[in-house]
Amino acid sequence: MSVVAGKELRIVGFLCNWCSYGGADTAGVSRFKQPTDLRIIKVPCSGRVDPLFVVRALLTGADGVLVSGCHPRDCHYTDGNFYARRRLEMLKRLLPFVGIDERRFHYTWVSASEGQKWQQVVTDFTNRIHQLGPLHVKKENEG
Amino acid sequence: MSTEKVKEAIAKILPDVETVICYQQGFDGLHTTPLFIKIPEEINGLIWNPLCVQNLTSYLPSIKKKVGIVVKGCDSRTIVQYLQEGLIDREKIVIIGVPCTGVVSVKKVLREIGHQPVAGVAFDDNGNIVVKTSKGDRTLAIADVCPDKCATCQYPTPIVYDYLAGDPIKSDKPKESVHEDIRQFDEKTLEEKKAYWEKELEKCIRCYACRNACPMCICQDSCIAETREPHWISQKLSLTEKFMFHMIHAVHLAGRCVECGECERVCPMDIPVAKLKKKINTEMKELFNYEPGVDPDGKPPMYTFNVDEVKIKEHKL
Amino acid sequence: MPDTGYLPKEKVKDFMRELAKDAVVYAPCLEGDTVIFRPFSEERTLCFDRPANSPPKSVIYPQSEQLFAFEYKKDPEDHQKMSVELKADTNVPGMVIFAARPCDARGFTIYDRVFIDTDTPDPYYKKRRENTLIVTLSCAEPSPGCFCVGVGGGPAHKEGSDAMMTELEGGYFIEPVSEKGKAILNKSMIEDGSPYLQKAQEAQAKAHEAVKNPFETDKLKISQDLFNNDAFWEEAVSKCVSCGACTYLCPTCYCFNITDEQASGKGERIRSWDACMFFHFTLEASTHNPRPTRFQRFKNRVGHKFVYYPEKYDGAIACCGCGRCIRYCPVSVDISEIVSNLTESGQKQQQTAGSAKK
Ligand code: SF4
Ligand code: SF4
Ligand code: SF4
Ligand code: SF4
Ligand code: SF4
Ligand code: FES
């Protein structure tokens with residue numbers, strides 16, 4: 001069920017295998033109600049998320065992108081999310097410079113046991129994207 | 001005159017190195033082009049003046065033999081950055097540093113003279129460039145036609161060198177001025193910024209001159225803009241694909257761009273692509289108090305982390 | 001009808017509007033400091049004072065074009081079976097390239113030999129070429145790097161143009177070159193050109209004198225010894241950074257790549273410009289690259305233009321001397337200098353210079 005009935009937007013989520021994907025799973029198993037706009041892509045670690053994944057998604061059709069990994073100090077690979085934090089923060093600050101609303105991109109930390117938190121994150125982020133509406137960065141232009 | 005001092009220094013180091021990279025006159029009065037000196041007789045071909053703009057250090061990582069190189073203050077930042085990233089062997093490079101009072105942007109001169117063909121160029125003692133065209137001589141203050149980087153230059157004297165051709169110069173430009181243009185641009189609305197980049201990037205022909213001239217684009221032949229698997233960029237000529245390429249260049253330069261301005265200087269379509277990287281630098285300064293290419297022992301901020309990041313706050317939804 | 005025309009300056013836009021009635025008119029327009037061929041519209045700023053940064057080649061030979069679209073379809077009866085549906089859009093509007101320089105127009109004649117005058121003409125190029133009228137503007141003054149006269153062209157050379165304009169004080173003298181070009185003299189704003197003929201010829205001759213010819217003789221004779229000597233190339237282009245600026249801006253470079261791009265059973269076959277200066281140009285699937293170094297790639301670029309193409313096409317040189325690769329090269333590589341060093345007379349000069357050095 002989407003937030004605005006009948007009109008789903010496209011949100012891409014990059015979730016680390018060890019924590020956030022587990023958290024999403026917990027939320028599912030517990031039957032927490034969540035909006036359905038999010039398409040999840042499982043990655044080994046938030047450190048695997050190249051900021052350019054986010055850019056590519058936003059440029060080619062996504063209305064919002066969510067990245068979620070283990071809490072700092074809890075990364076399965078020890079340091080992955082520490083690197084991710086720097087890269088993703090850099091991206092968040094770059095986006096508005098090229099005219100993309102940084103609110104369309106969110107990164108956060110959700111552990112495998114935090115089903116409820118996951119539900120909250122997805123609901124809030126989806127709401128935010130619906131408030132912002134669809135993104136039309138894409139413009140075909142032959143030159 | 002620095003020219004004589006540069007020549008002297010080259011003569012001194014030439015026996016120890018395979019080649020010395022410096023400048024010679026190019027195809028017209030306004031353009032210089034690299035000169036690779038191997039034998040003493042070739043030293044006479046060298047020129048040194050404010051048209052020596054190109055950042056020659058980009059040749060260094062691909063040269064395996066011992067080389068000498070002539071650098072301005074800003075060029076030396078590339079060497080520092082290479083050292084931070086372990087891309088060159090300091091032992092194999094002999095650096096002739098030249099304290100610099102600013103160079104000339106050929107694009108700005110051409111704009112001033114209405115893109116007239118240039119018959120000759122001279123420099124006077126008052127910091128002017130005199131450009132001869134069929135419509136007469138034009139005298140321009142170098143400070144008015146310098147690349148943007150010179151207007152706020154903090155490092156006119158090279159940061160690393162083995163020989164210094166001339167007396168060190170201290171910058172008289174305020175530190176805050178460096179990122180002022182970025183802060184101003186950022187004040188525009190999202191729509192304005194989007195429209196600005198769409199208009200600029202639409203001109204891009206994806207010739208990749210900006211990438212290939214960039215000293216810090218070290219992937220070169222393995223750039224992800226050209227890989228098929230994964231296929232980051234399509235062969236279509238849409239604005240999206242052009243945009244994507246520039247985001248690749250910018251993101252891969254995060255915390256590494258030494259602000260030499262080569263990408264912008266070489267763009268045949270005059271696209272201000274250095275701005276994107278400079279924006280990230282502004283943020284790197286703010287977040288990690290990091291400035292690329294100034295401390296040989298520094299570490300690029302994306303290559304490291306702090307368990308507790310002082311300046312990164314969790315984002316609320 | 002007179003055989004030549006005259007277009008007063010104040011009527012240029014009217015004339016372009018007239019042409020735009022049944023064709024898309026591409027004209028050099030100013031964007032910031034950059035001159036680019038754009039479809040003419042009222043809000044654009046025309047710029048005829050200098051050659052465009054990029055030539056009009058993409059009008060007839062687009063940087064990227066869809067050859068056809070395809071879609072895989074499952075057989076509703078038998079799900080094992082797939083069929084593929086192809087769709088090609090072969091509609092090409094009428095087009096005019098307006099105020100291109102003579103060298104730009106001449107560039108198309110170099111493509112014609114490859115894409116049209118063969119047993120297997122290229123239908124995409126051919127159709128665009130046939131639907132395009134090329135009205136050039138002769139050059140009053142060479143730009144930095146120009147050497148058209150060295151490769152058999154000139155600032156008023158007419159090969160490739162359908163009609164040529166020459167700027168005079170108050171207007172443009174117009175000479176039709178082809179049948180297509182003659183038709184434009186019928187337009188209402190075109191006056192009789194005969195009173196201006198002599199002035200135009202004088203202007204053209206003066207411009208011709210002003211262009212440098214970097215090659216000693218009219219006939220370029222490349223020394224095979226030097227051409228096949230790797231040391232010559234290493235020395236000549238060690239500064240090249242191996243980008244695509246020279247090839248993409250060149251009105252006579254025509255190498256292309258073909259790629260299929262698809263997602264979920266649907267896609268398109270795209271032809272896009274390629275450049276011999278790129279590492280990937282000759283990269284083989286085995287990862288072997290027969291031209292791994294920059295100088296080898298540059299040798300190919302010069303070789304194609306000044307050796308292989310002439311061998312194949314009766315001595316025609318695949319360079320029109322427009323000077324763009326010189327003007328816009330990030331490191332000021334000068335092809336005219338390199339070729340002149342490669343000629344037999346250039347070789348002699350170097351030998352004497354070389355022995356003096358040692
Ligand atoms: S940035 Fe500084 S060192 Fe570099 S050219 Fe300008 S004034 Fe010289
Ligand atoms: S140099 Fe300019 S035209 Fe070429 S790829 Fe870079 S931005 Fe695009
Ligand atoms: S991105 Fe541009 S300014 Fe930065 S190092 Fe590369 S060429 Fe220089
Ligand atoms: S010659 Fe110049 S424009 Fe051509 S590939 Fe080399 S550096 Fe680029
Ligand atoms: S090789 Fe250079 S001078 Fe010759 S046509 Fe191409 S761009 Fe123009
Ligand atoms: S494994 Fe979850 S962030 Fe590294």
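Worth pointing out:
- Computed [θ] at 222 nm, deg cm²/dmol, chain A (DSSP H ≥ 4; -39,500 (n - 2.57); rounded to nearest 500): -11500 deg cm²/dmol
- Electrostatic tally near residue C:188: other residues with Cβ closer than 11 Å to its Cβ, Lys and Arg +1, Asp and Glu -1, net -1.
- Between C:331, C:237, C:211, the Gaussian network model of chain C with springs among Cα atoms under 10 angstrom shows the greatest mean-square fluctuation at C:331.
- Gap separating the Cα centres of segment C:30-91 and segment C:251-294, nearest whole Å: 17
- Anisotropy class assigned to chain A is oblate, per the alpha carbon gyration tensor with a/c at or over the 1.5 cut-off and a/b no larger than b/c.
- The value for segment B:174-304 of Rg(Cα) / (2.2 N^0.38 Å) is 1.08.
- Cβ-placed point charges (K, R +1; D, E -1), dipole of the protein assembly as shown about Cα centre in debye, nearest 20: 1280
- Charge dipole of the protein assembly as shown about the Cα centre (unit charges at C-beta), most positive-ward option of C:238, B:58, A:134: A:134
- Shown here is the pair-distance distribution of chain C: with all Cα-Cα distances grouped in 10 Å bins from zero up to the longest one, the shares run 5, 21, 29, 23, 13, 6, 2, 0, 0 percent.
- Principal semi-axes of the equivalent ellipsoid, √(5λ) from the alpha carbon gyration tensor of segment C:72-190, are 42, 18, 12 Å from largest down.
- Share of pairwise Cα separations in segment B:104-145, more than 16 Å, in percent: 23
- Formal net charge of residues neighbouring residue C:67 (Cβ-Cβ distance under 9 Å; K, R +1; D, E -1): 0
- Across peptide B:212-219, the average count of Cβ atoms from other chains found within 10 Å of a residue's Cβ is 2.
- Anisotropy class assigned to segment C:270-323 is prolate, per the alpha carbon gyration tensor with a/c at or over the 1.5 cut-off and a/b larger than b/c.
- Residue C:3/residue C:127 FRET efficiency (R0 30 Å; Cβ-Cβ; nearest 0.05): 0.50
- Take each residue of peptide C:24-37, count the partner chain Cβ atoms within 10 Å of its Cβ, and average: the result is 3.
- Considering only B:292, B:301, B:158, the Gaussian network model of chain B with Cα springs below 10 Å gives its largest mean-square fluctuation to B:301.
- Segment B:199-280: chymotrypsin sites (Phe, Trp or Tyr not before Pro) in DSSP loop, at most 11 other beta carbons within 10 Å: none
- Stretch in chain B that is longest and holds no GluC sites (Glu not before Pro) that DSSP places in a loop and that have at most 12 other beta carbons within 10 Å: B:1-186
- Choice from C:161, C:336, C:83 with maximal GNM fluctuation in chain C (Cα, 10 Å cutoff): C:83
- Close Lys-Lys pairs in segment C:214-358, where close means Cα under 17 Å and separation is 8 or more or interchain: 10
- Peptide B:53-59 has a mean shielding of 2, counted as Cβ atoms of other protein chains within 10 Å of each residue's Cβ.
- Segment B:44-110 versus segment B:114-142: alpha-carbon centroid distance in Å: 26
- Cα-based Lys proximity count in segment B:47-185, under 28 Å, for pairs eight or more positions apart or on separate chains: 28
- Charge tally for residue C:49 (other residues, Cβ to Cβ under 11 Å; Lys, Arg +1; Asp, Glu -1): -1.
- Spatially close Lys pairs in chain A, defined by Cα atoms under 29 Å apart and a spacing of eight or more places or different chains, total 16.
- Kirkwood-type hydrodynamic radius, the protein assembly as shown: 29.3 Å, calculated from all non-identical alpha-carbon pairs.
- With helices as the sole contributors, chain B gives -8500 deg cm²/dmol at 222 nm; each DSSP H run of n ≥ 4 counts as -39500 (n - 2.57), and the sum is divided by every residue.
- Separation in nanometres of the label points that stand 7 Å from Cα toward Cβ, at residue C:23 and residue C:82: 4.4
- Listed residue (B:6, C:45, B:17) projecting farthest to the positive dipole end of the protein assembly as shown, Cβ model: B:17
- Cβ-to-Cβ counts within 10 Å put B:284, C:82 in ascending order as C:82, B:284, the fewest first.
Every number in this text was worked out from the coordinates using simple rules, so none of it is lab data. Bear in mind the structure is a predicted one, so any value in this text is a computation, not a measurement. When we count neighbours, we look across all protein chains shown, and the Cβ atoms used for this are built from the backbone with ideal geometry, even at glycine.
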